[in-house]
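Enquirer: Shown below is the structure under consideration.
The values are calculated or read from the model by the stated rules, or taken from the named source; none is laboratory data. The model shown is predicted, which means the values in this text are computed figures rather than measured ones. All Cβ positions, even for glycine, are placed from backbone atoms using ideal geometry, and neighbour counts span all protein chains on display. Protein only, heavy atoms only, side chains kept; ligands, DNA and RNA dropped before computing areas. Shrake-Rupley method; radii C 1.70, N 1.55, O 1.52, S 1.80 Å.
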Amino acid sequence: MAYKYMKLSECSNGEILSENLYDLEGSILVSKNSTINPYIAERLEEYKVDKVPVYISKEELSGRQKRDFRGLYKESVITLKSIMNNLAIGKIVAPKKIREISDTLYAYIDKVGISIEHIFEIKAKDKYTYNHSMNVALYALLIGEWLGCSEEEKKNIIKAGLLHDIGKSRIPLEILNKKGKLTKEEFDIVKTHTIIGYKMSKDILSIDENVRQAILSHHERVDGSGYPQGLKGDEINSYAKILAIADVYDALISKRVYKEKSTPFEAVEELKRIGAYSFDVNILKVFFDNIVNYYLGSKVKISDGHIGEIVFIPPNNITCPVVKLGNTYVDLAKEEELKILEMVG
């Protein structure tokens, strides 16, 4: 466990020693894992102990990780923005830049893990344009982890997520940012971003062909209703199948100029509705089995105005969790008039 040094005078919240403390003769004064109480503090003061090594609490460690991740995320977004702007004007981009983002994100998540809450907090504060690509890369990485993909595959999945929408850099902003429904002609223009992105990816040297195919095919659907080629089932690149789920999920829970954001549970409900026709059902099942559990312990606002905490998510009804309101437990599967309005922490 991580630890830090604290002044003895500041230990007042039940801090726990992370190491044995010894006197000058080498005898143990206080044992490791002892909780510092007034008696122990007084004993240590007698021996002129000023600072002590204590475990960092889960809450503090989580706070540190969130701060570290927030900085990493924003630095990666800045780099990604630079890459996409250079590609948009036809500049060759060295694969090193993409690889650095991919390796850094992979190493961070592999080392300390990441909660969906971290992404959700940043999403609430930052703009959409480049963050969506970052979020898709992160969700896709988690799916790759849950599927048991190799390290190389997961790093390539991150790259595919980062680059999946690069073609949109050449779509007119008045179309991308239009409020309201696009016309058929406008939507046809938007759909070209997959082919444009695939061609642009050739300006990134040595990029894996599976990554390029994922950029091209992330809007393909297993029933053949997607674009640009109308591929079906196993004709679709495996990375693209992962991106398709990550892309739609992040789009649903994001606020855009033309729509309000959905809650994660509404997004899962929508994915369940369209899933069998649109996505690889095996990948989708793995996604469902894992994603909602990341929201256990989250604070939510329900439709009667109360704020509560998600304490249980039924495996057979993942869109209707049990919420604790004070000393009361509300099962949203039984209280059909109530629903989660928004995530609040």
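Enquirer: For residues in the range 1-45 being among the charged types (D, E, K, R) and part of a strand (DSSP E or B), which is least open to solvent (accessible area, probe 1.4 Å)? Even if it seems obvious, please write down each step before you answer.
Expert: Keep residues of the range 1-45 that are among the charged types (D, E, K, R), which gives 4, 7, 10, 15, 19, 23, 25, 32, 42-43, 45.
Keeping just the survivors that are part of a strand (DSSP E or B) gives 4, 7.
Details: 4: 51, 7: 96 Å².
The selected residue is 4.
Enquirer: Another question, if that's okay. Only one of these conditions is not met by residue 296: (1) open to solvent by less than 40 Å² (accessible area, probe 1.4 Å); (2) of a type in the set (A, V, I, L, M, F, W, C); (3) more than 21 Å from residue 176 (Cα to Cα). Which number is it?
Expert: With respect to (1) open to solvent by less than 40 Å² (accessible area, probe 1.4 Å); (2) of a type in the set (A, V, I, L, M, F, W, C); (3) more than 21 Å from residue 176 (Cα to Cα), residue 296 is out only on (1).
Enquirer: I would also like to ask the following. Of the residues that sit in the range 198-216 and are among the polar types (S, T, N, Q) and modelled with pLDDT of 95 or more, which one is surrounded by the fewest Cβ atoms within 10 Å (Cβ to Cβ)?
Expert: Of the range 198-216, the ones among the polar types (S, T, N, Q) are 201, 206, 210, 213.
Adding the requirement that they be modelled with pLDDT of 95 or more leaves 210, 213.
Working: 210: 17, 213: 19.
Filtering the range 198-216 for residues that are among the polar types (S, T, N, Q) and modelled with pLDDT of 95 or more, the one surrounded by the fewest Cβ atoms within 10 Å (Cβ to Cβ) comes out as 210.
Enquirer: With the structure loaded, tell me whether residue 207 is touching a Pro at 6+ places or on another chain (Cβ under 7 Å) and either under 15 Å from residue 95 (Cα atoms) or touching a residue at least 60 places away in the same chain (Cβ under 8 Å) (or both) or whether it fails that test. Spell out the reasoning first.
Expert: Working: touching a Pro at 6+ places or on another chain (Cβ under 7 Å): yes; either under 15 Å from residue 95 (Cα atoms) or touching a residue at least 60 places away in the same chain (Cβ under 8 Å) (or both): yes.
Criteria met by residue 207.
Enquirer: Would you list the strands (runs of 3 or more DSSP E) that sit entirely within the range 231-345 and hold 3 or more residues that are at pLDDT below 90, more than 25 Å from residue 162 (Cα to Cα) and over 19 Å from the mean Cα position of the chain (by Cα)? Walk me through it before giving the result.
Expert: Values: elements: 299-302, 307-312, 322-325, 328-331, 340-343.
Here the list is empty.
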